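The next block holds one structure in the form of structure tokens; read it before the comments.
The values are calculated or read from the model by the stated rules, or taken from the named source; none is laboratory data. Remember, predicted model here, so these are calculated numbers, not experimental data. Don't worry about glycine lacking a Cβ; one is built from the backbone with ideal geometry, like all the others, and counts go over all protein chains shown.
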Amino acid sequence: MSPKIQILPESVTQAIAAGEVVERPASVVKELMENAIDAGSSEVIVELKMGGLQLIRVIDNGVGIDREEVPQAFQRYATSKIEKEDDLFAIHTLGFRGEALPSIISVSQTVMKTRTSATISGTKAVCEGGGVKNVTETGCPVGTELEVRNLFYNLPVKRKFLKSVRSELRACLHPFLRLSLSYPEISFRLIHEGRLLYEFPRTEFHSVRVEAIVGKEIYDHLRPIAYEEAGIRLSGFASLPSFSKGNSDGIYLYVNRRYVKDRMVHKAVMEAYRHVIPANRYPVVVLMMTLPPSAIDVNVHPTKAEVKFRDQDRVFHEVVETLRLYQKQPPTVEETVSEKKRDPVSLQMSFQTDLPPSSSRWNQEEAPWVVRETALSPEWKLDKKIPYRILGQVQGTYVLCEGERELIFIDQHAAHERILFEKLKGDYETRSILSEKLLMPILIELSAEESFLLGSLGEAFQAMGFDIEAVGERLFALRSVPSIIGQKDPKGIVRAILEELSLLRKEERGVEVIHPILVSLSCHTAIRGNAVLRREEMEGLVAQLSPFDRSTTCPHGRPVFFILPHGELAKQFKRKR
Ligand code: ADP
Ligand code: MG
């Protein structure tokens, strides 16, 4: 007998449909913050418990909701923001689909308190199981407070798919920071388990908010951008070509103040920086695009994260051109001074924008101006006699040596990285990583996200030999570093590690954060390509790798060496051997 086909009860269909809007606590944070902003608030407070799994409370001082309207707010497709189909082409608010509140109440236990300035008492609505249980009078300030508890309490399967408190909290930061970035006139606070994580006071200057979010150090590399013509306005901030990041986290795109993930615009940003920053690096760009609402469609996606532009090509073109134009402004004297860590050559070269795409000069690893600092660690300068003859370096990047029956090309960076990785891993496992105290602590200012990441991974950093202490909201003092770092730029290395770690966000990282730290630490302390090596350094490398009897890759998966048998050589020359 085939199974019976049945129509699901409404409570079930509602909960299923809610999943489109509410995926995890972060989606609730986004929807509630958007509602608060749409309500004309000047102050918004977001409070979380257990990364939002236990509680998400958003308090605003906006217009509030009239008592009679309260039950309406929780109805599907009930909105005060549009009335008729035409309004869909003139949307000026973040919300308009009337889906958020009904979705949220169908998967949580929600209480709303709200009051408008027209009344002296407020209204409290208790919701459960997808509907409004009761509506009563209550005392509360003007504005709205929504309390969402136990998300997915009624969908155990969905609840199981939620991640750790840390991951959920991290995910909640995204909508919080993204919205904070585009509404400087509103003050925002984020509190987790009673601790104030972020506080952005309201300001009339976008620059103040941008600086508060990206951190002063990165902000110093940004320049304001502005463009306006025939219905498109672009404004915001973009990094100079002398700066780049290892991930795209610094790219924030907005259309009419709505954060969007738009592939086309992202491509345009990358296109504008192509050839001016190294391959695989990303700029920091906060791009606010303003277009007439009729020129875009935000209705294409349930969470409204994607938009459709009527004139895609023009938007692409204007973004590329505007960003390029601003890159050509030479750096100010101040900047050159703040850039003193870099080789001045790199600054000049960064401003040549017309190099061919294939030019490897833009690959940082191989950049000719990279100052070589790495000497091989003393422990590898072995006395071990090696059965290989060092022939020299090829392109300053590969060590060439000859064995009894073969030629061996070694990628010096990949090889050193592999060796350091193995050593660090061993030392880590035996808890014998050497740490060195810095004479003077080094201060690092991080972006909001980076400091959160560092805060939550403190133990892992400590295990690796770093002693980093929070001394301000986003200011950290680096007191000790793993000895392996030697004379290198410890600050740059910490940043690079954080960048690498933040790339892993989307996957469940669990406790395995040590591996990526080991990888980035070895990568950033290893000898680069395009660095002249001394003979004993080359010998050290060869000694460590020999015998070349198994194929090895660097921790990123690139080959470490390549063997060309003498027989192959003979074949090439049509010699018989
Ligand atoms: P939408 O935002 O798409 O209109 P929601 O389900 O998010 O749909 O909200 C439904 C309605 O409830 C809104 O249109 C608005 O009228 C009202 N509302 C929700 N949150 C607030 C708030 N914080 N302040 C004032 N009104 C609110
Ligand atoms: Mg809404």
### Task
Can you tell me which residue within segment 99-118, out of those that are within 14 Å of ligand 2 (Cβ to nearest atom) and closer than 17 Å to R149 by Cα, is surrounded by the fewest Cβ atoms within 10 Å (Cβ to Cβ)?
P102
### Query
Looking at A26, A100, which is the one that is in contact with a His (Cβ under 8 Å, 6 or more places away or on another chain) and either among the charged types (D, E, K, R) or under 27 Å from D297 (Cα atoms) (or both)?
A26
### Task
For residues that are touching a helix residue (DSSP H, G or I) at 6+ places or on another chain (Cβ under 8 Å) and small (G, A, S), scanning just segment 30-83, find the one that is farthest from ligand 1 (Cβ to nearest atom).
G51
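So that you can scan it fast, the table gives a plain yes or no per residue for (1) closer than 24 Å to G139 by Cα; (2) among the aliphatic types (A, V, I, L, M); (3) in contact with a His (Cβ under 6 Å, 6 or more places away or on another chain); (4) within 12 Å of ligand 2 (Cβ to nearest atom):
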position: N61; (1), (2), (3), (4): yes, no, no, no
position: D66; (1), (2), (3), (4): yes, no, no, no
position: R76; (1), (2), (3), (4): no, no, no, no
position: E83; (1), (2), (3), (4): no, no, no, no
position: T93; (1), (2), (3), (4): no, no, no, yes
position: F96; (1), (2), (3), (4): no, no, no, yes
### Query
Is it the case that segment 141-148 has a residue that's under 19 Å from A100 (Cβ atoms), at pLDDT below 95 and polar (S, T, N, Q)?
no
### Message
Kindly evaluate T119 against the criterion of being among the β-branched types (V, I, T), in the same structural domain as M33 (by TED's automatic domain parsing) and under 38 Å from the mean Cα position of the chain (by Cα).
### Response
no
#### Entry: Sole exception among (1) within 16 Å of ligand 2 (Cβ to nearest atom); (2) closer than 30 Å to T290 by Cβ for A171, by number
(1)
### Task
Hey, can you tell me all the residues within segment 538-556 that are acidic (D, E) and modelled with pLDDT under 75?
D549
### Query
Quick one: I120 ticks every box in (1) closer than 28 Å to F152 by Cα; (2) assigned to a loop (DSSP other than H, G, I, E, B) bar one, so which box is it?
(1)
### Flag for T114 being more than 21 Å from S42 (Cβ to Cβ) and either near ligand 1 (Cβ under 8 Å from one of its atoms) or not in a loop (DSSP other than H, G, I, E, B) (or both)
no
### Message
For the list (1) touching a residue at least 60 places away in the same chain (Cβ under 8 Å); (2) part of a loop (DSSP other than H, G, I, E, B); (3) more than 30 Å from V284 (Cα to Cα), I need the number of the one condition that I419 fails.
### Response
(2)
### Candidates V70, V46 - the one that is in a strand (DSSP E or B), more than 12 Å from ligand 2 (Cβ to nearest atom) and not basic (K, R)
V46
### Query
I277 passes all but one of (1) assigned to a strand (DSSP E or B); (2) crowded, with 22+ Cβ neighbours inside 10 Å; which number fails?
(1)
#### Entry: Candidate set: segment 84-111, residues that are among the acidic types (D, E) and more than 13 Å from ligand 1 (Cβ to nearest atom); chosen: the one farthest from V12 (Cα to Cα)
D86
### Task
Say whether the condition of being surrounded by 15 or more Cβ atoms within 10 Å (Cβ to Cβ), out of contact with any strand residue (DSSP E or B) (no Cβ under 9 Å at 6 or more places or on another chain) and at pLDDT below 90 is met by at least one residue in segment 402-413.
no
### Message
Can you pull out every residue in segment 73-111 that is free of Cβ contacts under 8 Å to residues at least 60 places away in the same chain, assigned to a loop (DSSP other than H, G, I, E, B) and within 16 Å of E128 (Cβ to Cβ)?
### Response
F74, Q75
### Summary
Note: among P175, P184, P201, just one is over 15 Å from the mean Cα position of the chain (by Cα) and surrounded by 15 or more Cβ atoms within 10 Å (Cβ to Cβ), namely P184
### Query
Can we say G131 is closer than 20 Å to N35 by Cβ, at pLDDT 90 or above and either surrounded by fewer than 23 Cβ atoms within 10 Å (Cβ to Cβ) or of a type outside the set (V, I, T) (or both)?
yes
## Note on the structure
Only one of (1) away from ligand 1 (no atom under 11 Å from the Cβ); (2) farther than 30 Å from E211 by Cα; (3) in contact with a Lys or Arg (Cβ under 9 Å, 6 or more places away or on another chain); (4) small (G, A, S) does not apply to S180, and that is (2)
### Message
For the list (1) more than 33 Å from the chain's Cα centre (by Cα); (2) within 13 Å of ligand 2 (Cβ to nearest atom); (3) at pLDDT 80 or above, I need the number of the one condition that E34 fails.
### Response
(1)
### Task
Pick out the one residue from V494, V481, V513, V471 that is modelled with pLDDT under 85 and on the phi < 0 side of the Ramachandran plot.
V513
